[in-house]
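Here is the structure we will look at.
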Amino acid sequence: MDYKKPSQKFTGKIREVTVGSGLKLGGESVLPFYTFDGDTGAKPAVGMEIWDVFPKSWPQSLKDIFGEYADDPVKWAKFCIEKYNPDFICIRFEGANPEGDDKSPEDCAKTAERLSREVSIPLMIAGCDSNEKNAKIFVKIAEALPDKNYVFLSAVEANYKEIGAACGMAYGNIVSAESSVDLNLAKQLNILITQLGVKPEKMVMNPGCAAVGYGFEYVVTTMDRIRLAALDQNDATLQLPIISPVSFETWKAKESIATEDDMPEWGDQEERGIAMEVSTAAGVLAAGSNAVILRHPKSVEIIRKFIDELL
C-alpha cells in the first residue's frame, strides 16, 4: 500500500489585509510555513526601520551604514529601497518624544506626507514611547494621509479610541492593535477596536514582541496559542495578520549595544546585534508573524533567505 502523508486541516483562516496599494499580509489557513498542509497565504513581509530624526542612540555599526542619509528620512528610505529592497518602510517618530525633541503633531504629519509622496512602497507609521503623544501625532498623520492603507503601530489600551476612530475609521488607514503578550488581552483589544466601528480588513495585531533571552518564550507561546485559536477554534477575533517590530526590541538589548571595549569577551558588536535580530525574527515568523520590522541590512538578507527556503 502506498504511503499517504497525513495533513492537518483547519476550519479557520487568517484574514488577508492589504497594506498600501498591493502588499498582502495574511490569508493562510495552516500553521506557519506548513506548505504540505495547505495554503500558507501571502509571503511574510520584511520591512526596514527608519527614524524621523538622526538615530544618535544606534550602535556605530548601524550609523556607519545609514549615517550620510539618516538626517533626512526621505533620503534614508530611498537608500534602503534602492539598495536593500524591503517590502515596506517603517518610520518611527522618535523625534516626537516629549523627553526628546518633542516635535509637534503637525511637524510629524509634514514628514510623513513628504515620505509618502516620494517613496514607492507602503509605509508603517510608528510612534515614540509616549502613548498620549502617539495618539496626537497619529491623528494628524492619518489626516494628512487619508485612504493610503498605511499601518499605524500601534493602538494600545490607553489610546485605542483616538487611534481607531481617526486612523481606521475617519481616514481609511490600518490600525495595529498592540497588547502585552497575553491571548486574552489581545482578543479583548481586538474586540474593543472593532466595537468602535473599525472594520477587520483595516486591522492587524501585535500581541507583543521581545528579544531572544528577554521573555521571548512567552512571546512565541502566546503567538502559537493565538494562531491555533484562530485556525483550529475558528476564533474570528484573532484571525488578523501579525506584525512584529523586531528591531524595536533587539537593538536595545545589552547584547546588541554593549561595545567591544566594555565586553571584549562577547566578540564583535555588529555580529551580536545581527544575531539577536535574526534569531528573534526567525522565531516570531515560525510562530505566526506575517511581517517583521528590521534594522540591519544583513538581517534583512538572512531573513529573506530564511523565508524563501521554507516556502
- Could you tell me which residue of the stretch 85-143 is surrounded by the most Cβ atoms within 10 Å (Cβ to Cβ), considering only residues that are of a type in the set (S, T, N, Q), in a helix (DSSP H, G or I) and in contact with a Lys or Arg (Cβ under 9 Å, 6 or more places away or on another chain)? Thr111
- Six or more apart or on different chains, Cβ under 7 Å: which pairs go from a residue in the stretch 109-121 that's touching a residue at least 60 places away in the same chain (Cβ under 8 Å) to one that's part of a helix (DSSP H, G or I)? Could you list them? Ile121/Ile81
- Message: Just the residues that are out of contact with any helix residue (DSSP H, G or I) (no Cβ under 7 Å at 6 or more places or on another chain), crowded, with 24+ Cβ neighbours inside 10 Å and either over 15 Å from Asn206 (Cβ atoms) or of a type in the set (A, V, I, L, M) (or both), please, taken from the stretch 286-311.
- Response: Ala291
- Single residue of the stretch 188-213 satisfying the filter (at pLDDT 95 or above and more than 25 Å from Ala142 (Cβ to Cβ)) that is surrounded by the fewest Cβ atoms within 10 Å (Cβ to Cβ): Ala210
- Task: Filter the stretch 41-58 down to residues that are charged (D, E, K, R) and not in a strand (DSSP E or B) and give me whichever is farthest from the chain's Cα centre (by Cα).
- Result: Lys56
- Message: Being in contact (Cβ under 8 Å) with a residue 12 or more places away in the chain, acidic (Asp, Glu) and under 20 Å from Met124 (Cβ atoms) is the requirement here; does Glu178 meet it?
- Response: yes
- Item | Qualifying position, being part of a helix (DSSP H, G or I) and either of a type in the set (A, V, I, L, M, F, W, C) or over 25 Å from Glu201 (Cα atoms) (or both), among Glu271, Glu260 | Glu271
- Which of the residues belonging to the stretch 274-302 are assigned to a helix (DSSP H, G or I) and under 12 Å from Lys43 (Cβ atoms)? Leu285
- For the subset of the stretch 178-222 comprising residues that are charged (D, E, K, R) and assigned to a helix (DSSP H, G or I), which member is nearest to Ser154 (Cα to Cα)? Lys202
- Query: For the stretch 151-158, does any single residue satisfy the condition of being of a type in the set (Ser, Thr, Tyr), farther than 27 Å from Ser29 by Cα and out of contact with any His (no Cβ under 8 Å at 6 or more places or on another chain)?
  - Reply: no
- Under 9 Å by Cβ, and 6 or more places apart or on different chains, what pairs join a residue from the stretch 229-240 that is in a loop (DSSP other than H, G, I, E, B) with one that is basic (Lys, Arg)? Asn234/Lys13; Asp235/Lys187; Gln239/Lys13; Gln239/Arg15; Leu240/Arg15
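The values are calculated or read from the model by the stated rules, or taken from the named source; none is laboratory data. All of these numbers come straight from a predicted model, not from anything done at the bench. Note that each Cβ is placed from the backbone with ideal geometry, even for glycine, and that neighbours are counted across all protein chains shown.
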